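Report on one structure; see the data block that follows.
Every number in this text was worked out from the coordinates using simple rules, so none of it is lab data. Only a predicted model underlies this, so the values are computations on that prediction, with no experimental measurement involved.
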Amino acid sequence: MLRRLSLLAAIATTLACAGIASVAWAQTPSIVGIWSETTVNPQTGQPITAVWDQYTADGKLHIRFITGAGTEDYYGVYTLVGGGATLQARIDSFAPTQICTMICSPVTPVMPIGQVMNSPIGFAGPNVLIVGTDHFNRQPG
């Protein structure tokens, strides 16, 4: 038994030195945190939109869209289903609900309010979250 443990320890040490153990025993990163994605105009290289998603440990979701027209915030809840392969989210409210200059006009939300949405998710390393086809980078926080 002692010989078997020594052999396993030697194999683990060899794999760790080769950098293989970290891949073999890596855990799936947590979705909890702040993630961002920026869409860039391919002709000018200038940003068109920035999206910031914040997922909290208690299942709350905050999405911020930033465009040349302004900023919109969406608030809701999320859960991971299908063994963590699907993000299920529902947006419950948004702000601002109106834009006022000389007169006030209602804002039409770009996301459906009160509707459950499902998106496949995955990770391309600990700092890249893939939601559908969108790639988000983890932000410090």
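Full extension of the segment from Lys60 to Thr97, taken as 0.36 nm per residue of separation minus the current Cα-Cα distance, would add 11.3 nm.
Relative to the compact-globule estimate of 2.2 N^0.38 Å, the Cα radius of gyration of segment 100-141 comes out at 1.81.
Over segment 42-90, what is the relative contact order in whole percent, taking alpha-carbon pairs under 8 Å and six or more residues apart?
Value for segment 42-90: 25 percent.
Quote the relative contact order of segment 73-127 in percent (integer), defining contacts as alpha-carbon pairs under 8 Å separated by 6+ residues.
RCO, segment 73-127: 35 percent.
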